[in-house]
Structure formats: structure tokens, C-alpha cells
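Here is the structure we will look at.
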Amino acid sequence: MSFARLKQIAISDSGFIFNPLNGDMFQANSTGLFLLEQCKQQKSIEDILSAFVEEFDVEKIEAEKDFDLFLKQIAIYGIIEKKQE
Amino acid sequence: MKEICIAVTGINATENPGPGCGIIRSLRYSHDFKGRIVGLAYDAMDPGNFLRDHVDASYLIPYPSQGLEILLSSIKEIHRNDPIDVLIPSLDAELLNFIKIQDELARLGIHTFLPKEEGFKIRAKNSLADFCKENAIHVPVTHCINSLEDIYHLNMNYPLYIKGLFYDAYMVNSYIEASNAFGLLCARWGLPLLVQEYIRGEEFDIVALGDGTGETIGAVPMKKMSLTDKKKAWAGITVDNPALIEMTKKIIKALKWKGPLEVEIMADIESQKYYLIEINPRFPAWCFLAPGAGQNLPEALVKMALGKDVASFEEYQIGKLFVRYSCEVLADLKDIEQLVVKGKLVHKEPKGKKE
């Protein structure tokens, strides 16, 4: 996954997301917003997972599964790109 | 801007609105504009006739099919009583007539800002594919048809679009649906019709203004957010996609387009493929979004029609949203009577005329 496109995506503190490329709008919950902010900082998957585990006090294996699903979902929405940089 | 009088057509602000009211609203939106605006309507029941905050007066004009002489004589009559400085036609079906009488209008002191007849015809739906081929622009496969059997013989995959030459389009999923659409379009708009390949993707529309030398004065791209039954935009938002602006500039340059236009593009963002669907030779009904986003293109057109230099707009506000609404406008019987009997409804007399 490439997070480069996130530099162009407008994400507000409330979790409202606007993709200026195609006008799509989304609403992320607090967990989604946390992950998007981590991704936007172009952190590695490993670093994001560590932060996720620490912030939400979840098992790493559960965090991995949820984060993977989340990435697949936002890739479908065009917020991140499936291809590698 | 001095107090001038601008005449605008297409004030049929119905569920499928003409661009006139959007153009007028854009002009009124300008802090500099303090002039007079008159509506030119084809029907007494066009809602724009009764919008007193839009038009100072409204006049009925003959339908395009009645020919150039009758149109010119009608405009002359209006001009005698309510002198017009700039005329902005805004409906596809009337534009060729106005292009043909623009020199006559100029002699009367009525300025226009219209494309050349050649450019107007090149971008028409039935010759768009040739234009795109010459300019390396992707376009859906399109065929001109004169009978229902033509659809069968084309052997195209469904779904596909059946389109009228000027307006209306239906997406059809089978030959039976195609024959229904053929009947409806044929009865309403006549032949020929167009059959167009269906392109999967997201539709973007761009309102733009060309200066006639190939330069783009401004361009604002929009993504439709909600649609009417006829797939017309009921809400839209400005987007930031340089590829859309590039294609629009390419079209304006190739056609040396003079005047407003709406470019319809179908895009597959992931594969970065952009298909030109249509070039409409006028402002779209949603053109009020442009001044809202920082590019008052109707105002720029008026300035250029009057021979003033206008600098190109370089940017616009991204994420600016419009949402249309419907509203009942009240009018008195005497208003309808004025329109039906005298062909005009004057809310405010022009300067120099008694109330």
C-alpha cells in the first residue's frame, strides 16, 4: 500500500474526509481517524501497529487483522493506493 | 462596470433548468455589477420571467425553428424599447441562430461573445469523435443513427446510451429498452440520434470560458453529488484534478473556442483514463458554482464581450459545494396577461422611460 495520496486528502479533526481528486466524502470514527493520521505521517506499517496497540490497548494479532481490513477498505475508496511507491 | 443592460436567454428554471438563471445569479453576485438584466424567454411560464430579484424585465422571443429573420426582428423590437448592451444566449438549440446573426446584432450595438460557426459544428455530438481522434482525446465509441434497425446492426454491447442531437440521453440495457428510448427521443427531438458506448467511471463536468485565441480564461471542475431522474446535477462540489483542467484547455486551444462551454468527462481515476463525453457550447445550469469558487466566468464574459481585457483565473476554491432547491414563485394574473398578450413583463422600466 502507498500512503502518498493521503497528502492530498483533507482530513478534519472530526474525522470528516474529503478527497479533492474526485469529490468523495467519508466519515471516519475515532479509531479510523487515528489510523489515518498515522498513515498520513508516512509511518511504517510496524510503527502504526505499535501505536495502534498502545493507543487502544488491543492484542497485536487483533490490531493487525483490523488494520489490514481498514487499509483494504480505504484503498477501495481511493484514499490510499494499492500499488507500492 | 458601468450600468449596462444584459439580456440572457434560457430562464426556464424548471426541474431540468436552462442556464439563464445561473448566469443572472452570477452577474448579480459580482460586487461591481450594477446594471440591468432582462430575460429572453420562449415560454410565458418560464419561472425566470417572475424572478424580480433576477430580471428587471422579461421578453418572449420566437422559437429557434421560426428562423433568423423573425428572431432578429424580435430582438430589434426589444432593443428599441429596452436597449441591450450584451446578449448571452445559453441554449444549445438557439446558439447557431445567434452565431449567424451576431454581426447584425453588433451593428445594433448589441455585443455577444460567441464561438465561430465552424468550431460550434466540430464539437457537435455527431462529429465529436472525429475531433477527438484528431486531437488524441479518448472518446466513447459513438454512432449516428437514423432508424431503430441501425441500433441492431451496430451490434454494440449493452448497456449503452441513446442520445438526442441536442438534449436528453437514456441508458439502455437491451434492444427493447433501446427501442423505447429511440421512440421517446425521436418524438421529442427528431432524427438523427446518437448511440454511445457506456464508459464505467466517475463523471466530472467543467465550466470554462475561452477567449477565442485558444486561451482559457477560467475553468472550474465539478463532481456531481446528487442527481435528478434525468441524471442532471442537483448538487455538486468543486474538485482538484489537474487532468480535467488540462483536457479542457486542450479542447479550448484546438477549437480556438470563444465563449462559455461545459465539458463532460468520464474518468477512471485508478487507471487515469479520461473520456470526453460531450462539449456543450454554453454555460451549464450550475454555472453559479464558478463565481462561488472564485471564478465569475459570466462576469468575465460580459467584460470580454464589451472589448475589455480580462486576466485568466489561476485558481478556484476546492471543496465548494452547491445544492439546488425548488421554490414556488408567486405571480399575479396581470403578470401572465402581460406576457401572453404583450410578450413582455417589465418589473422595472429602463432608464429614460417613465414607470
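The values are calculated or read from the model by the stated rules, or taken from the named source; none is laboratory data. The shown structure was predicted, so the numbers you read here are calculated from the model rather than taken from an experiment. All Cβ positions, glycine included, derive from the backbone under ideal geometry; neighbour counts span all protein chains shown.
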- [ ] Go through the residues of segment B:151-159 one by one and say whether even a single one is hydroxyl-bearing (Ser, Thr, Tyr) and within 26 Å of B:Lys250 (Cα to Cα).
- [x] no
Open item on the list: Among the residues that make up segment B:183-197, is at least one of them small (Gly, Ala, Ser) and closer than 19 Å to B:Gly18 by Cα?
Closed with: no
TODO: Could you tell me which numbered condition B:Leu108 fails, if it satisfies all but one of (1) in the same structural domain as B:Gly183 (by TED's automatic domain parsing); (2) more than 20 Å from B:Glu278 (Cβ to Cβ)?
DONE: (1)
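For (1) more than 17 Å from B:Glu264 (Cβ to Cβ); (2) outside the structural domain of B:Lys258 (by TED's automatic domain parsing); (3) among the hydroxyl-bearing types (Ser, Thr, Tyr), each residue gets a yes or a no:
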position: B:Glu134; (1), (2), (3): yes, yes, no
position: B:Asn146; (1), (2), (3): yes, yes, no
position: B:Asp150; (1), (2), (3): yes, yes, no
position: B:Met156; (1), (2), (3): yes, yes, no
position: B:Pro159; (1), (2), (3): yes, yes, no
position: B:Leu165; (1), (2), (3): no, yes, no
position: B:Tyr170; (1), (2), (3): no, yes, yes
position: B:Ser174; (1), (2), (3): yes, yes, yes
position: B:Leu184; (1), (2), (3): yes, yes, no
Task: Selected residue (criterion: nearest to the other protein chains (Cβ to nearest Cβ)) from residues of segment B:279-290 that are surrounded by 23 or more Cβ atoms within 10 Å (Cβ to Cβ) and not in a loop (DSSP other than H, G, I, E, B) - done: B:Leu289
TODO: Tell me, yes or no, whether segment B:307-322 has at least one residue that is closer than 21 Å to B:His54 by Cβ and either buried (at least 20 other Cβ atoms within 10 Å of the Cβ) or in contact with a Leu (Cβ under 8 Å, 6 or more places away or on another chain) (or both).
DONE: yes
Open item on the list: Given (1) without any contact (Cβ under 8 Å) to a residue 24 or more places away in the chain; (2) on the phi > 0 side of the Ramachandran plot, identify the lone condition not met by B:His31.
Closed with: (2)
Task: Residues being touching a helix residue (DSSP H, G or I) at 6+ places or on another chain (Cβ under 8 Å) and either crowded, with 24+ Cβ neighbours inside 10 Å or under 27 Å from B:Ala235 (Cβ atoms) (or both) - total across segment B:23-44 - done: 12
Open item on the list: It is to be established whether one or more residues within segment B:125-144 are free of Cβ contacts under 8 Å to residues at least 24 places away in the same chain, within 20 Å of B:Leu306 (Cα to Cα) and hydrophobic (A, V, I, L, M, F, W, C).
Closed with: no
TODO: Kindly indicate whether any position in segment A:18-29 is among the charged types (D, E, K, R) and out of contact with any helix residue (DSSP H, G or I) (no Cβ under 9 Å at 6 or more places or on another chain).
DONE: yes
Open item on the list: I need the full set of residues from segment B:11-52 which are among the polar types (S, T, N, Q), closer than 15 Å to B:Pro298 by Cα and not in a loop (DSSP other than H, G, I, E, B), in order please.
Closed with: B:Ser26
- [ ] Among the residues of segment B:177-212, write down those that are under 25 Å from B:Asn157 (Cα atoms) and assigned to a loop (DSSP other than H, G, I, E, B).
- [x] B:Gly190, B:Leu191, B:Pro192, B:Tyr198, B:Ile199, B:Arg200, B:Gly201
Open item on the list: Quick check on segment B:82-94. Is at least one of its residues part of a helix (DSSP H, G or I) and either exposed (fewer than 15 other Cβ atoms within 10 Å of the Cβ) or not acidic (Asp, Glu) (or both)?
Closed with: yes
Open item on the list: Could you tell me how many of the residues in segment A:14-41 are surrounded by 15 or more Cβ atoms within 10 Å (Cβ to Cβ) and in a loop (DSSP other than H, G, I, E, B)?
Closed with: 6
- [ ] Could you please find all residues in segment A:44-74 being under 24 Å from B:Gly201 (Cα atoms) and surrounded by 17 or more Cβ atoms within 10 Å (Cβ to Cβ)?
- [x] A:Phe70, A:Leu71, A:Ile74
Open item on the list: Please verify whether A:Phe18 is out of contact with any Asp or Glu (no Cβ under 7 Å at 6 or more places or on another chain), within 14 Å of another protein chain (Cβ to nearest Cβ) and within 30 Å of B:Lys273 (Cβ to Cβ), treating the condition exactly as stated.
Closed with: yes
Task: Neighbours by Cβ (under 9 Å, 6+ apart or cross-chain): first from segment B:316-336, within 14 Å of chain A (Cβ to nearest Cβ); second in a helix (DSSP H, G or I) - done: B:Tyr316/B:Ala290; B:Gln317/B:Gly292; B:Lys320/B:Leu289; B:Lys320/B:Gly292; B:Leu321/B:Leu289; B:Leu321/B:Gly292; B:Phe322/B:Leu289; B:Phe322/B:Gly292
- [ ] Only residues that are more than 10 Å from chain A (Cβ to nearest Cβ), in contact (Cβ under 8 Å) with a residue 60 or more places away in the chain and assigned to a loop (DSSP other than H, G, I, E, B): list them for segment B:213-244, please.
- [x] B:Glu215, B:Thr228, B:Lys230, B:Lys231, B:Lys232
Open item on the list: Return the pair list, or none, for Cβ contacts closer than 6 Å from residues in segment B:252-274 that are surrounded by 15 or more Cβ atoms within 10 Å (Cβ to Cβ) to residues that are among the β-branched types (Val, Ile, Thr) and at pLDDT below 95, at least 6 apart or on different chains.
Closed with: B:Glu264/B:Ile277; B:Met266/B:Ile199; B:Met266/B:Ile277
TODO: Being under 22 Å from B:Leu114 (Cα atoms) and touching a strand residue (DSSP E or B) at 6+ places or on another chain (Cβ under 7 Å) is the filter here, so list the residues in segment B:256-275 that pass it.
DONE: B:Trp257, B:Lys258, B:Gly259, B:Pro260, B:Leu261, B:Glu262, B:Val263, B:Glu264
